[in-house]
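Q: Structure below; questions to follow.
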Amino acid sequence: MKKIIVSISIALCAILTSQAATLDQQADSAYSADDFALAASLYRQIMQDEGNSPQLYYNLANCEYRLGNLGKAIVNYERALRLDPTFTDAKTNLEFVNSRIVDRQGERGSFLSNTYDRFALATTPNTWAWTAFILFTLAAGAIAAYFFSSNVLVRKTGFFGAIALIILFGITQIIASRAKTIATDRNTAIITAQSTILSTSPREPKDRNEEAMLLHEGTKITILDSISVPGDTTGLRWLDVQIDNTHRAWIKSTDIERI
């Protein structure tokens, strides 16, 4: 009876693997045949069935770009880079698509904070965490050498080495924490509407005095707060957003997509 159950399990795994491979091949074939809408739908289905990955987000972003959806393309390139900041192709394509959008944003953040973030995104949060673990292990070894070695040179090396390694461990821990914060941030979004008029208050502008600015597809924003629309049953919310260091306004939630 056990052999039958094992055989059935193996057969089911083989069928599911075959179906997944077929779906992936179908998506790639659809993309090669310039059927980008079908390819995008299949890539989404694969993500729903198997989970997300940098490559799938990258493939979906390429489809969205080919369909003319610059905002959605940027969203998915950004998602790919959150999972793998070293994904060179996604980074190159993101820079290219960003060069095609209408709006040119002002400065975001400070020089120091931007430099810190770029350093944190040099690799994945897991890699930073493993680096911190290795440094901690080496520091423990250096401390052990200081306490248990009878050789003066080894003791000195262990003492000063442990101090240096502990400092590096602390720095790496801080960077790993920042990298994780960036990777899991839900307050950064991309405008996906072709164009939208932002408001000075959480409602549709009644006149030009309440119109804050006009923004277009692909612009990155930071969500600061949100307000529900009284009596609305569609889930519409007005979002208080920061566009750059000097511009802040309200935008409809239907006009953006969170990264």
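The values are calculated or read from the model by the stated rules, or taken from the named source; none is laboratory data. In this text the structure is predicted, and so the values were computed from the model without any measurement. Cβ: placed from backbone, ideal geometry, glycine included. Neighbour counts: every protein chain shown. The protein model used for the area step is the full one, side chains on, heavy atoms only, and it has no ligands, DNA or RNA in it. Shrake-Rupley method; radii C 1.70, N 1.55, O 1.52, S 1.80 Å.
Q: Between the stretch 51-76 and the stretch 201-218, what's the alpha-carbon centroid distance in Å?
A: 28
Q: I'd like the projected area of the stretch 109-178, averaged over all directions, using the convex hull of its alpha carbons. Report it in nm² with one decimal.
A: Averaged projected hull area, Cα only: 5.0 nm².
Q: Hey, another quick one. For the Cα atoms of the chain, what angle does the longest principal axis make with the long axis of helix 88-98, in degrees from 0 to 90, nearest 10?
A: So the inclination is approximately 30 degrees.
Q: What shape does the stretch 91-138 take by its C-alpha gyration tensor, where a ≥ b ≥ c are the square roots of the eigenvalues and a/c under 1.5 counts as rounded, a/b above b/c as prolate, and the rest as oblate?
A: Judged from the Cα gyration tensor, the stretch 91-138 comes out oblate (a/c at least 1.5, b/c at or above a/b).
Q: With all protein chains present, how much of the accessible area of the chain (probe radius 1.4 Å) comes from carbon and sulfur, to the nearest whole percent?
A: On the chain, the fraction of accessible area on carbon and sulfur atoms equals 59 percent.
Q: If you project the alpha carbons of the stretch 146-214 onto their three principal axes, what span does each projection cover, largest first, in Å?
A: Here the Cα extents, ordered largest to smallest, are 82, 21, 15 Å.
Q: Right, here's the next one. The stretch 105-259: percent of C-alpha pairs farther apart than 20 Å?
A: Of the Cα pairs, 63 percent sit more than 20 Å apart.
Q: Which residue, LEU60, LEU42, LEU168, has the most motion in a Gaussian network model of the chain that connects Cα atoms within less than 10 Å?
A: LEU168
Q: Further question: Determine the distance separating the Cα centre of the stretch 128-165 from the Cα centre of the stretch 86-116; give it in Å without decimals.
A: So the separation of the two Cα centres works out to 40 Å.
Q: Oh, and also: Most fluctuating residue of THR222, THR188, THR115 in a GNM of the chain with Cα springs under 10 Å: which is it?
A: The residue that fluctuates most here is THR115.
Q: Related question: Tell me the net charge near ASP225. Cut-off is 11 Å between Cβ atoms, ASP225 excluded, with +1 for each Lys or Arg and -1 for each Asp or Glu.
A: Numbers: positive: ARG237, ARG248; negative: ASP240.
Net local charge, ASP225 excluded: +1.
Q: Take every Cα pair under 8 Å in the stretch 99-169 that's 6+ residues apart, average their separations, divide by the length, and report that relative contact order as a whole percent.
A: 29
Q: Highest GNM mean-square fluctuation, the chain, Cα pairs closer than 10 Å: which of LEU239, LEU38, LEU153?
A: Of LEU239, LEU38, LEU153, the Gaussian network model singles out LEU153 as fluctuating most.
Q: Tell me the angle of helix 125-148 to the major Cα principal axis of the chain, expressed in degrees between 0 and 90 and rounded to the nearest ten.
A: 20
Q: Can you give the Kirkwood hydrodynamic radius for the stretch 187-259, in Å, rounded to one decimal and based on Cα pairs?
A: Computed over the stretch 187-259, the radius equals 12.1 Å.
Q: Quick check for the chain: number of Lys pairs with alpha-carbon distance under 29 Å, counting only pairs 8 or more apart or on different chains?
A: Pairs that pass both the separation and distance tests number 12.
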